[in-house]
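Read through the structure below, which is laid out as structure tokens, and then see the notes.
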Amino acid sequence: MTLCRNLLAVAVALVIASAAGANEAVPPQPPKPAAPALKLGLREVPFQVMAAPRDGEITLVVPANLLQEAAGKQGADAGFLHPLFLSGVALTLAFVTGGFVLLRGGRHGKTIAAATVLVAALVVGYAAQANIAPPAIPYPVKFPTGVRFDGKLFLEVAPEGTGVKLLVPPSRVIAMEKMAETGKEVKP
Amino acid sequence: MNLWIFFPIGYTFTVLVETPILLLLLSRRHPLSRRLFAGFWLTLCTYPIVVLVLPAAFGLATPDPSLGDLEFRRIAYLVVAETFAPVAECVLFYVAFHSEPGVTRGEMARDFAAIVLANLASFGLGELIYATDWFQNVAAPWLRSLGT
């Protein structure tokens, strides 16, 4: 009889608990992150004038992080999920393991070491494909005295970067260099 | 500069500087093939951390002015990276080659000194290249001239 009473009490408790669980209030949803606000006002930023990788219009490149208020930090604050963190650690582990296997691996050592090199090559290939910059290398440009820029200018907001860059098309750079040599204005 | 472009260039440079030092200065108990292997392998193991992981950790991979003084972070990075690399390479070398019987303390000290010296040499030359902006002034125009 006592057993029946106890079982009944447990069943009632379970029914009450499940009902309470079913009626539990929906947990508050985390607020959606607001779009980063535009950073207003005067500030100092690095500035470079570079020859553009290819011809076109003069382009002013402004990294987005210079325009936004604390828009998702790069670098240290990006945490351990930064692609460079993951790729670097993966490569180191692959090379350390591969080296030891090559040294002590015995019969299958060379096969495993070759597989390690393949994995490393895949990591490098994947990361390079994801991150690599255009092959042309921009280089700094010096303006000769008296050079004038007017007319059109393209404004590009880049996803990341260190500072503001003014990209000058190669034909204009050549014209500027000729102008610096001859002292006369040369049309690009 | 994109770190993935810098990685193979920097690795080749480091191996070219460090391997001859290791070939000359590692103790005589190690055969030539092992010294050569050490020259390539030790750098290969630490270089991804030095060139990819630590710059990201110090906010140098994609510099953001809001993270603070860039030059201070670069110095902090150099201190950590240039301490990590020789220490890690000594540990790797110890685990790989000093577990054999009959290795004397003198040989061990000589090997560690050779590794530290090789790292200091590559660090010193690397800083010289950085200070003279060699890549921007010499290598980049040369690479461009190859492309045209």
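The values are calculated or read from the model by the stated rules, or taken from the named source; none is laboratory data. For clarity, every value in this text was computed on a predicted model and none was experimentally measured. Backbone-built Cβ (ideal geometry, glycine too); neighbour counts: all protein chains shown.
Reported count of residues in the stretch B:13-32, each being within 14 Å of chain A (Cβ to nearest Cβ) and either of a type in the set (Ser, Thr, Tyr) or touching a strand residue (DSSP E or B) at 6+ places or on another chain (Cβ under 9 Å) (or both), is 1. Of the listed requirements (1) among the aromatic types (Phe, Trp, Tyr); (2) surrounded by fewer than 17 Cβ atoms within 10 Å (Cβ to Cβ); (3) within 20 Å of B:Leu120 (Cβ to Cβ), B:Phe72 misses just one: (3). With respect to (1) farther than 26 Å from B:Ala57 by Cβ; (2) crowded, with 16+ Cβ neighbours inside 10 Å, the lone exception for B:Val138 is condition (2). Looking across the stretch B:97-139 at every residue that is closer than 19 Å to B:Ala38 by Cβ and acidic (Asp, Glu), the one that is modelled with the highest pLDDT is identified as B:Asp111. Based on this model, can you work out whether B:Val79 counts as out of contact with any helix residue (DSSP H, G or I) (no Cβ under 7 Å at 6 or more places or on another chain), modelled with pLDDT of 95 or more and either assigned to a helix (DSSP H, G or I) or basic (Lys, Arg) (or both)? Criteria not met by B:Val79. Only a single item in (1) farther than 17 Å from B:Trp4 by Cα; (2) at the interface with chain B (Cβ under 10 Å from one of its Cβ atoms); (3) modelled with pLDDT of 70 or more is not met by A:Gly88, and it is number (1).
Given the stretch B:1-59, what helices (runs of 4 or more DSSP H) lie entirely inside it while holding 2 or more residues that are more than 28 Å from A:Met50 (Cβ to Cβ), among the aliphatic types (A, V, I, L, M) and out of contact with any Cys (no Cβ under 6 Å at 6 or more places or on another chain)?
B:3-25, B:32-48
The set of residues in the stretch B:30-76 that are in contact with a helix residue (DSSP H, G or I) (Cβ under 9 Å, 6 or more places away or on another chain), farther than 28 Å from A:Ala90 by Cβ and at pLDDT 90 or above comprises B:His30, B:Leu32.
Scanning the stretch B:89-138 for residues that are in a helix (DSSP H, G or I) and of a type in the set (Ser, Thr, Tyr) yields B:Tyr94, B:Ser122, B:Tyr130.
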